[in-house]
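Shown next, in structure tokens, is the structure this report addresses.
The values are calculated or read from the model by the stated rules, or taken from the named source; none is laboratory data. Because the structure is a prediction, the values reported are computed rather than measured. Cβ atoms come from the backbone with ideal geometry, glycine included; neighbour counts cover every protein chain shown. Remember, those area values only see protein heavy atoms, side chains included, never the ligands or the DNA or RNA. Shrake-Rupley method; radii C 1.70, N 1.55, O 1.52, S 1.80 Å.
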Amino acid sequence: MFPKKEFFEFLAEGRFMIQRRSGGGYVYPPRVAEPRTGATELQWVEASGLGTVYSTTVIRQKPPAPNYNLALIDLAEGVRMMARVEGVAPEAVKIGMAVKAKVVRENDQALVVFFPAGGINHE
């Protein structure tokens, strides 16, 4: 099976999964081989969902469309991914902010978004 397809199937089930090399580090985005070693023995594991904003920008849109942010998130597992941070104004997302992932459905597609890790109810 193709790793990217598997990743999206997990998301459709509401599960945020990343790959891990046997006895080694984590891999994201999904791949058939670990980039540093070429190892192909990769297993799917549940991501902790915890992360820190590494970088962020505000995408400004023509009204009435709302602005949104796009951020690079360093996951606790040591990999980085691109996603939105919701639950706060786009301008309030700050580098170093602790965030927690949640799988949501948007336009009939499951995706990972992040929310501030403390104080915001995102259930």
Task: Complete set of residues in region 77-88 that are under 13 Å from residue 49 (Cα atoms), surrounded by 14 or more Cβ atoms within 10 Å (Cβ to Cβ) and over 11 Å from the mean Cα position of the chain (by Cα) - done: 77
Open item on the list: Within region 1-73, considering only strands (runs of 3 or more DSSP E) that don't extend past its boundaries, which have at least 2 residues that are surrounded by fewer than 16 Cβ atoms within 10 Å (Cβ to Cβ) and either at pLDDT 95 or above or aliphatic (A, V, I, L, M) (or both)?
Closed with: 42-46, 50-59
TODO: Could you tell me whether any residue of region 112-119 is touching a residue at least 40 places away in the same chain (Cβ under 8 Å), in contact with a helix residue (DSSP H, G or I) (Cβ under 6 Å, 6 or more places away or on another chain) and surrounded by 15 or more Cβ atoms within 10 Å (Cβ to Cβ)?
DONE: no
Open item on the list: Condition first: touching a residue at least 24 places away in the same chain (Cβ under 8 Å) and open to solvent by 30 Å² or more (accessible area, probe 1.4 Å). Now tell me which residues in region 89-108 satisfy that.
Closed with: 91, 94, 95, 96, 97, 98, 100, 102, 103
Task: Candidates 86, 77 - the one that is acidic (Asp, Glu) and touching a residue at least 40 places away in the same chain (Cβ under 8 Å) - done: 77
